[in-house]
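The next block holds one structure in the form of structure tokens; read it before the comments.
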């Protein structure tokens, strides 16, 4: 690995710090991808689409 593979953009990193972050990145890259999704989305949107609502609701009515 050459010095240009990893570059410190701001500040000064000691060689031990660069080695530590390199080890972490290589360990993460070696892990197989997860088969389960990280985020389970909703089947239905959590909001109403106003274009599908009737244009007028009576003031004495309510809508959940």
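Values quoted throughout were computed directly from the atomic coordinates according to the rules given, and no laboratory measurement underlies them. Please read these numbers as outputs of a predicted model, since none were measured by experiment.
How much length would be gained if the chain were fully extended between residue 40 and residue 17, taking 0.36 nm per residue of separation minus their Cα-Cα distance, in nm to one decimal? Walk me through the intermediate numbers first.
Numbers: separation 23, 0.36 × 23 = 8.28 nm, distance 3.58 nm.
Stretched fully, the residue 40-residue 17 segment lengthens by 4.7 nm.
On full extension of the chain, what length is gained from residue 29 through residue 5, given 0.36 nm per residue of separation minus the C-alpha to C-alpha distance? Could you put the intermediate results ahead of the total?
On the way: separation 24, 0.36 × 24 = 8.64 nm, distance 1.53 nm.
Additional length available on full extension: 7.1 nm.
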